[in-house]
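Undergrad: What follows is a single structure, and I will ask about it in a moment.
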Amino acid sequence: MKTQKIALIGGPGTGKTTLINALKTKGYNCMEEISRQITLEAQEKGIEQLFLEDPLLFSEHLLLGRRKQFLEADTLQEEIVFFDRGLPDVVAYLDYLKSSYPDSFKTVCSQHIYDKVFILKPWKAIYEQDNERYETFEQALVLHDFLVKTYTGYGYSIINTPFGTVDERMDFILNHLNQN
């Protein structure tokens, strides 16, 4: 059985992690976002915002971690595995910062393909900044555009997830997967 890899993407504060947590409560296997973990580990070493201070180093950690999650999904005996963000997010964020990175980043993204990608648009009503989420809502809108451009550049047909309650969004995704 080939595991379907489903990426949930979107800018900061769009409800991805809340949706992932709801899918987990329904029994789905989900790969959690790891950027907060990387940020917290850097803060323990005295680096307040590794992404801002050394975007390339942060992104290397992120790319390695997300690739590991992607490969781990192949070892699971699951029909579907959901991902809180995908590998191309790393490239999108670096492009947003106008930061250079090795071609190997693009190669990794090209070699690890998700079966479906659902995007959650920035939603002012639920947006909150916190210790690890420093972007403003306006920056989240711009990041959304970079995510769309990056994923479509890798050949993905992105599925827009409508605003709604967590259950409504989850039902939209699950119904979409069951139809195809």
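The values are calculated or read from the model by the stated rules, or taken from the named source; none is laboratory data. Since this is a predicted model, take the numbers as computed values, not measurements. A quick note on method: Cβ atoms are made from the backbone with ideal geometry, for glycine too, and the neighbour counts reach across all protein chains shown.
Undergrad: Return the residue satisfying two criteria in turn: it lies in the stretch 16-39 and is at pLDDT 90 or above and among the small types (Gly, Ala, Ser), and of such residues it is farthest from TYR156 (Cα to Cα).
TA: GLY27
Undergrad: Further question on the same structure: Looking at this structure, is TYR101 closer than 24 Å to GLY27 by Cβ, part of a loop (DSSP other than H, G, I, E, B) and in contact (Cβ under 8 Å) with a residue 12 or more places away in the chain? Quick ask: steps written out before the conclusion?
TA: Values: closer than 24 Å to GLY27 by Cβ: no; part of a loop (DSSP other than H, G, I, E, B): yes; in contact (Cβ under 8 Å) with a residue 12 or more places away in the chain: yes.
Considered against the rule, which asks whether it is closer than 24 Å to GLY27 by Cβ, part of a loop (DSSP other than H, G, I, E, B) and in contact (Cβ under 8 Å) with a residue 12 or more places away in the chain, TYR101 comes out as no.
Undergrad: I would also like to ask the following. May I ask you to list the residues in the stretch 1-41 that are basic (Lys, Arg) and crowded, with 16+ Cβ neighbours inside 10 Å? Don't jump to the end; show me each part of the working.
TA: Looking only at the stretch 1-41, we keep the residues that are basic (Lys, Arg), and these are 2, 5, 16, 24, 26, 36.
Passing the criteria: LYS5, LYS16.
Undergrad: Hey, any hits in the stretch 69-88 for a residue that's surrounded by 13 or more Cβ atoms within 10 Å (Cβ to Cβ), closer than 12 Å to GLY10 by Cβ and touching an Asp or Glu at 6+ places or on another chain (Cβ under 7 Å)?
TA: So far as the stretch 69-88 goes, yes, one or more of its residues are surrounded by 13 or more Cβ atoms within 10 Å (Cβ to Cβ), closer than 12 Å to GLY10 by Cβ and touching an Asp or Glu at 6+ places or on another chain (Cβ under 7 Å).
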